Amino acid sequence: TPLHQLTKEMISKDVTLYKPMPSYRMPGGSGWREANRRLEGENHPGGVMVHYFIKNVDEKTEVKLDFFEADGDVIKSYSNKAKEKADQLSVKSGGGRFVWNMRYTGYKTFPGMVFYGSPNLGPKAVPGKYKVRLSVNGLLTEQEFEILKDPRIETTSEEFAAQFDFLMKVRDKVSEANQGVIDIRKTKDDLTYLKNKIGADPKYKDIAESIKKFEDELTVIENNIHQTKNKSVQDPLNYGIKINNRLAHLMVEEAAGDFPPTKQAEEVRVMLTKLVEDEMSKLKSTINSNLSVINKMAKEKGVEMVF
């Protein structure tokens, strides 16, 4: 603990990062959230506890915590200047503690995305050696730590690795599918800009017809990838889910426990992966064919609009 690590030399330092104690990878959290349960205990936090000391923190101070694999690859970064809530680090002058949930970054999202039964949680780090780095206005301090497996389970290192690799493949494929939706919506925005530019002028009728055809093709692909009718968490009960959400839910199912993926899960992953790749291939094809045609037509008619 930090108390065991205190030395006279540390007292004179402006920044100290204590070595995190070994942490067990297991489910569970700190316990009750209600403030008035005075007679009930609190569980150990479910993650890696990182203790640090920063003598002075003001609004200009930039503080970062980076977690690394043993070979130096970055797992996750947090900062008091981060824009995304999930990446934000709350710091103040004096001692502080951050509990890392051992998870890698989740899949890519897009505005208005509604998934059913699929919280965006990245895979958990497998048992092994890791590093944490504290940066305070560019001053770096680093410590090693270890994640331990629950001693009550018989899962091997190879099985942990198999589960992790499976979940990362699924996560990346969900991100790819969601990137497709992002690309489609960005292209539609560009087409809307062009439509507003040409208006209802009859001399641009051929351009308008090409835009309509292109938009229709994009809409079909978008609806194959994502259930666009889902606007709230209850909507999937009426409209169902599409490929990206099915993959995201597979990720949740296979992350429930410390076990390698089942044969059936791998079969589902392969099937859904092919569906995503088919739609992405269609998307690439329709963008390549339609954009060149529309750009050529616009140029010939003197419309300055290049995608």
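The values are calculated or read from the model by the stated rules, or taken from the named source; none is laboratory data. No experiment lies behind these values; they were computed from the predicted model shown. Neighbour counts are summed over all protein chains in view; Cβ atoms, including those assigned to glycine, are modelled from backbone coordinates with ideal geometry. When the accessible area is computed, the model is the full protein with side chains, heavy atoms only, and any ligands, DNA or RNA have been set aside. Shrake-Rupley method; radii C 1.70, N 1.55, O 1.52, S 1.80 Å.
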### Stokes-Einstein translational diffusion, the range 13-158 - Kirkwood Rh over all Cα pairs, 1.002 mPa s, 20 °C, in µm²/s
125 µm²/s
### Query
Which Cα, out of PRO123, SER12, ILE75, lies furthest along the positive dipole direction of the chain (beta carbon charges, K/R +1, D/E -1)?
SER12
### Query
At a 1.4 Å probe, what is the % contribution of carbon and sulfur to the accessible area of the range 1-140?
51 percent
#### Entry: Residue range of the chain that is longest and free of GluC sites (Glu not before Pro) which are both DSSP loop and sparsely packed (at most 16 other C-beta within 10 Å)
155-303
#### Entry: Only Lys, Arg (+1) and Asp, Glu (-1) charged, at Cβ; the range 166-237 dipole about Cα centre in debye
140 debye
### Query
Shape call for the range 113-172 from the C-alpha gyration tensor, a ≥ b ≥ c root eigenvalues: rounded (a/c under 1.5), prolate (a/b greater than b/c) or oblate?
oblate
### Task
Would you look at the GNM of the chain, springs on alpha carbons closer than 10 Å, and say which of ASP87, ASP201, ASP235 moves the most?
ASP201
### Förster radius 30 Å - calculated FRET efficiency between SER77 and LYS197, Cβ distance, rounded to 0.05
0.15
### Query
Nearest 10 degrees, 0 to 90: what angle lies between the long axis of helix 157-198 and the longest principal axis of the chain (Cα atoms)?
40 degrees
#### Entry: Normalised contact order of the chain, rounded percent, pairs of Cα under 8 Å and 6 or more residues apart
16 percent
## Note on the structure
In degrees, nearest 10, the alpha-carbon axis of helix 243-254 is tilted away from the dominant principal axis of the alpha carbons of the chain by 20 degrees
### Message
How tilted is helix 263-300 with respect to the longest principal axis of the chain? Cα atoms for both, answer in degrees (0 to 90, nearest 10).
### Response
50 degrees
### Message
Amide H of GLY46 versus every other amide H placed in the peptide plane: which residues, excluding those fewer than 5 positions away on the same chain, fall under 5 Å?
### Response
SER30
### Summary
Pairs over 26 Å Cα to Cα, from LYS8/LYS81; LYS149/LYS169; LYS203/LYS229; LYS195/LYS284; LYS81/LYS173, come to LYS8/LYS81; LYS203/LYS229; LYS81/LYS173
#### Entry: Cα gyration tensor shape of the range 241-307, rounded if a/c is under 1.5, else prolate or oblate by comparing a/b with b/c
prolate
### Summary
Carbon/sulfur accessible area of the range 145-249, % of total, 1.4 Å probe, equals 52 percent
### Query
Going by a ≥ b ≥ c, the root eigenvalues of the Cα gyration tensor, does the chain fall in the rounded group (a/c under 1.5), the prolate group (a/b larger than b/c) or the oblate group?
prolate
### Top positive-direction residue, dipole computed over the range 133-259 with Cβ charges, set ILE182, PRO202, PHE160
PRO202
### Query
Using a simple charge model, +1 on the beta-carbon of Lys and Arg, -1 on the beta-carbon of Asp and Glu, nothing else, what dipole does the chain show about its Cα centre, in debye to the nearest 20?
800 debye
### Task
Output the antiparallel fraction of DSSP beta bridges having both residues in the chain, as a percent to the nearest 5.
90 percent
### Query
In whole Å, what is the distance between the alpha-carbon centres of the range 48-101 and the range 212-276?
33 Å
### Task
May I ask you to give the solvent-accessible area per residue for the chain, in square angstrom, as obtained with a 1.4 angstrom probe?
59 Å²
#### Entry: Rounded FRET efficiency, nearest 0.05, which uses the C-beta distance separating SER232 from ASP190 and R0 of 25 Å
0.30
